[in-house]
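Report on one structure; see the data block that follows.
The values are calculated or read from the model by the stated rules, or taken from the named source; none is laboratory data. All of these numbers come straight from a predicted model, not from anything done at the bench. Virtual Cβ from ideal backbone geometry, glycine too; neighbours counted across all protein chains shown.
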Amino acid sequence: MKAIGVDLGGTNVRCGLVEDEKIINLLAKSINSSGTEIEVLNDIFLLLDDLVADDIEGIGIGVPSVVDVENGIVYDVYNIPSWKSVPIKNILEKRYNKPVYVNNDANCFALGEKYFGKAKKYNNIVGLIIGTGLGAGIIINGKLYNGTNCGAGEFGMIPFKDDILEHYCSGYFFKKKYNITGEELYNLAVSKDEFALNVFREYGKNLGEAIKIILYAIDPEIIVMGGSVSKSFKYFKDALFETISDFGYPKSLEKLKIEVSDVANVAILGAVGLLMDKDF
């Protein structure tokens with residue numbers, strides 16, 4: 001398969017031409033996040049115009065927003081105020097005369113792991129993004145599960161303690177409670193700073209509680225973590241595993257795999273995975 005994957009973020013857009021499971025051409029540019037709808041679209045067009053050719057099978061695009069998957073409409077895109085309701089599928093199909101598939105970034109991450117990463121061998125998968133927020137893509141019996149409104153996997157919105165899970169299980173936790181970024185904590189932890197190690201232990205306990213909820217709800221074979229906070233996994237994994245050790249179904253826990261993504265440009269590959277998912 002030869003296709004194009006698009007990763008639209010709040011500050012930049014990246015497009016990759018993918019062939020035989022490899023990105024053979026990668027383009028990126030910053031976007032004018034405060035620009036009009038058409039100005040942001042023009043930023044995307046600039047990259048796609050250079051990549052689209054007769055021999056590609058289609059375009060997949062991952063967006064940090066709620067998505068009407070069937071009609072390819074994105075709503076209230078993160079950090080792009082002008083993108084309230086954009087029929088991106090229709091716009092790109094008219095311009096390039098190729099099929100276009102749209103989904104949110106967490107779902108694309110899960111597909112990226114299923115087709116290109118550590119979840120290749122599995123059929124029941126949760127791709128858990130832990131970065132500025134907490135979200136997940138869910139694959140059940142080998143197929144992406146969107147839910148009715150593309151809202152499946154929004155575990156971060158579940159009430160937890162005095163707030164929601166996202167505020168205890170993402171980078172937000174470090175900033176809100178300790179006024180420090182996850183990257184700064186990581187750098188301190190590398191030098192064995194006791195404060196940083198204790199914060200990561202506390203974080204691991206919080207994330208462990210989130211993972212138990214995921215296990216009760218989804219019962220996956222594997223959870224693959226991605227996002228900026230996942231890079232610190234070795235500093236919070238012991239607390240995480242200790243927290244999930246009292247999970248109610250020990251046999252399920254024995255079979256469970258928890259991994260950290262090591263796929264470069266997984267968001268772009270996952271967007272191409274949208275085309276692959278439709279074929280199964």
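Consider L111 carefully, then state whether it is closer than 28 Å to E209 by Cβ, touching a residue at least 12 places away in the same chain (Cβ under 8 Å) and assigned to a strand (DSSP E or B). Steps first, answer last, please.
Working: closer than 28 Å to E209 by Cβ: yes; touching a residue at least 12 places away in the same chain (Cβ under 8 Å): yes; assigned to a strand (DSSP E or B): no.
Judged against the criteria, L111 is not a match.
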Item to check | Where I80 falls short, out of the listed (1) at pLDDT 95 or above; (2) surrounded by 16 or more Cβ atoms within 10 Å (Cβ to Cβ) | outcome: (1)
Next on the checklist: Just to be sure I understand the filter: pairs with C-beta atoms under 7 Å, separated by 6 or more residues or on different chains, first member in the range 69-80 and under 12 Å from Y101 (Cβ atoms), second member at pLDDT 95 or above and crowded, with 17+ Cβ neighbours inside 10 Å. Which pairs pass?
Outcome noted: V69/V102; V69/N103; N71/K89; G72/I88; G72/K89; G72/V100; G72/V102
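So, of the residues in the range 142-152 that are free of Cβ contacts under 8 Å to residues at least 24 places away in the same chain and of a type outside the set (S, T, N, Q), which turns out to be surrounded by the fewest Cβ atoms within 10 Å (Cβ to Cβ)? Quick ask: steps written out before the conclusion?
The first filter runs over the range 142-152 and keeps only residues free of Cβ contacts under 8 Å to residues at least 24 places away in the same chain, leaving 145, 147-148, 152.
Filter once more, keeping what is of a type outside the set (S, T, N, Q): 145, 147, 152.
On the way: Y145: 15, G147: 12, A152: 20.
Among those that are free of Cβ contacts under 8 Å to residues at least 24 places away in the same chain and of a type outside the set (S, T, N, Q), it is G147.
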Checklist entry - Scanning the range 21-46 for residues that are touching a Cys at 6+ places or on another chain (Cβ under 8 Å) and closer than 27 Å to C150 by Cα, which turns out surrounded by the fewest Cβ atoms within 10 Å (Cβ to Cβ)? => result A28
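What number of residues within the range 89-104 satisfy the criterion of being touching a helix residue (DSSP H, G or I) at 6+ places or on another chain (Cβ under 8 Å) and either crowded, with 24+ Cβ neighbours inside 10 Å or not in a helix (DSSP H, G or I) (or both)? Talk me through it step by step, then tell me what you get.
Taking the range 89-104 and keeping what is touching a helix residue (DSSP H, G or I) at 6+ places or on another chain (Cβ under 8 Å), we get 91-92, 95-96, 98-103.
Imposing the further condition that a residue be either crowded, with 24+ Cβ neighbours inside 10 Å or not in a helix (DSSP H, G or I) (or both) reduces the set to 92, 98-103.
Result for the range 89-104: 7.
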